[in-house]
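The values are calculated or read from the model by the stated rules, or taken from the named source; none is laboratory data. Because the structure is predicted, anything quoted here is derived from the model rather than measured. Virtual Cβ from ideal backbone geometry, glycine too; neighbours counted across all protein chains shown.
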Amino acid sequence: MNFLEQVIALSREIHATVPSIQTPELLEEFRLRHLVRKGTIQALVESLRTVPAEEKPVAGKELNALKQYAEEAYSQLKQNLDDNKADVVPVDITLPARNAERGHLHVITQTMDEITRIFASLGFTVEEGPEIEDDYHNFEALNFPPDHPARDMQDTFHINDPAGKYLLRTHTSPVQVRVMERQKPPIRCIVPGRVYRNEAISARSYSIFHQIEGLAIDEGINFSELQGTLFSFAKQFYGAEGVVRFRPSFFPFTEPSAEMDVTCYLCGGKGCRVCKGSGWLEILGCGMVHPKVLANAGIDPERYTGYAFGMGIERTAMLKYGIDDIRILYENDLRVLRQF
Ligand code: DAH
């Protein structure tokens, strides 16, 4: 190969390589092979001295052109690669995905779901009713006569409707009446839902809260079935160590009426701050459905009997988890929510 042929061979190689240079590493390889002092081009420049005089002008011109091409190609490629660097973020598609943050159900919903599951396992269905309720279902059909002082137990938000008969339900008990109106016995249902009371907000009470109502109507239902069902619930929900007791109470829509207490979860019954020294925590109201309520809902009280119960979800969750202020359940502070 004479000198000119060597220049042409190198020129072919360089022209073939340039289009394939797409990474800084390939570009650097190109520079080290061709453009440094010990590279291919400089080697030819140095051996130009030995070329016969008559070949020199042509060979020299070709070599110069090649050198210029290689240098320009180099700086052009370098510039392109530098420009791209800014917006090409290397993506490794084999990397595992970052963990997405997942939300979860609120502790009130969790508690309501857990109670619902327990009663569902005892054969209760789940029913619902309206939150904007009429006076009849919320009070009157439940044996709260107009102007009866028992209405004062439940401070009510009234709706500003022309007839003055709508309100925000103060408890889930009106759904008892609605279920009996639309369904014939046997009835065994629970009603989870939101209720409203016009009360001053404090650590113990909030204007919105949740209840679960229970209702069972059939022939021959008696108080011991009520006790057995609630006892079984308390065992599953509060744990087997807990003991329950029933105390006489009063509700207009049940007769007789009772309240159920469980052994204080904190002190185990010895008496402490949470149970105010009594060793007991009051968790629900219950009783045998008043014959007047059955009759109001179109069920024959001579043939059928039944029981009802109702409990507050917030209170239940607060007792179970040792929460001492109901308001934090509604503030949605992530530090609280994440604990459940
Ligand atoms: N509705 C009552 C309240 O909100 C709770 C209650 C008591 C419900 C006794 C019942 C019951 O079904 O039998 O205070």
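Quick look at the values:
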| quantity | calculated |
| --- | --- |
| When residues of the stretch 99-134 are limited to those that are farther than 28 Å from Lys235 by Cα and in contact with a Leu (Cβ under 7 Å, 6 or more places away or on another chain), the one surrounded by the most Cβ atoms within 10 Å (Cβ to Cβ) | Glu133 |
| Answer residue from the stretch 153-170, given it is among the hydrophobic types (A, V, I, L, M, F, W, C) and within 35 Å of the chain's Cα centre (by Cα) and is nearest to the ligand (Cβ to nearest atom) among those | Met153 |
| Neighbours by Cβ (under 8 Å, 6+ apart or cross-chain): first from the stretch 248-261, outside the structural domain of His148 (by TED's automatic domain parsing) and farther than 12 Å from Leu142 by Cα; second aromatic (Phe, Trp, Tyr) and part of a strand (DSSP E or B) | none |
| Subset of the stretch 264-281 [touching a helix residue (DSSP H, G or I) at 6+ places or on another chain (Cβ under 8 Å) and within 17 Å of Glu241 (Cα to Cα)] | Tyr265, Leu281 |
| Scan of the stretch 261-278 for residues that are part of a loop (DSSP other than H, G, I, E, B) and in contact with a strand residue (DSSP E or B) (Cβ under 6 Å, 6 or more places away or on another chain), ordered by number | Cys264, Gly269, Cys275 |
| Single condition Gly129 does not satisfy, out of (1) within 15 Å of the ligand (Cβ to nearest atom); (2) within 21 Å of Ser249 (Cα to Cα) | (2) |
| Residue count, the stretch 187-205 (criterion: loosely packed, with under 13 Cβ neighbours inside 10 Å and either at pLDDT 95 or above or in a strand (DSSP E or B) (or both)) | 0 |
| Scan of the stretch 141-165 for residues that are in a helix (DSSP H, G or I), among the charged types (D, E, K, R) and touching a residue at least 12 places away in the same chain (Cβ under 8 Å), ordered by number | Arg151 |
| Condition check for Gly214: within 11 Å of the ligand (Cβ to nearest atom), touching a residue at least 12 places away in the same chain (Cβ under 8 Å) and crowded, with 16+ Cβ neighbours inside 10 Å | yes |
| Helices (runs of 4 or more DSSP H) wholly inside the stretch 279-333 containing at least 3 residues that are buried (at least 19 other Cβ atoms within 10 Å of the Cβ) and within 13 Å of the ligand (Cβ to nearest atom) | 313-321 |
| Scan of the stretch 237-260 for residues that are in contact with a Lys or Arg (Cβ under 8 Å, 6 or more places away or on another chain) and part of a strand (DSSP E or B), ordered by number | Ala258, Glu259, Met260 |
| Of all residues in the stretch 217-245 being acidic (Asp, Glu) and at pLDDT 90 or above, the one that is farthest from the ligand (Cβ to nearest atom) | Glu219 |
| Of all residues making up the stretch 206-224, the number that are part of a loop (DSSP other than H, G, I, E, B) and touching a Gly at 6+ places or on another chain (Cβ under 7 Å) | 1 |
| Count of residues meeting criterion [modelled with pLDDT of 95 or more and either of a type in the set (S, T, N, Q) or more than 11 Å from the ligand (Cβ to nearest atom) (or both)] in the stretch 256-278 | 1 |
| Within the stretch 140-172, considering residues that are at pLDDT below 95 and aromatic (Phe, Trp, Tyr), the one surrounded by the fewest Cβ atoms within 10 Å (Cβ to Cβ) | Phe157 |
| Evaluation of Phe253 against (1) near the ligand (Cβ under 10 Å from one of its atoms); (2) in contact with a strand residue (DSSP E or B) (Cβ under 6 Å, 6 or more places away or on another chain) (one fails), failing number | (2) |
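Conditions tested, residue by residue: (1) at pLDDT 90 or above; (2) touching a strand residue (DSSP E or B) at 6+ places or on another chain (Cβ under 9 Å); (3) part of a loop (DSSP other than H, G, I, E, B).
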| site | (1), (2), (3) |
| --- | --- |
| His15 | yes, no, no |
| Val18 | yes, no, no |
| Arg37 | yes, no, yes |
| Gln76 | yes, no, no |
| Asp83 | no, no, no |
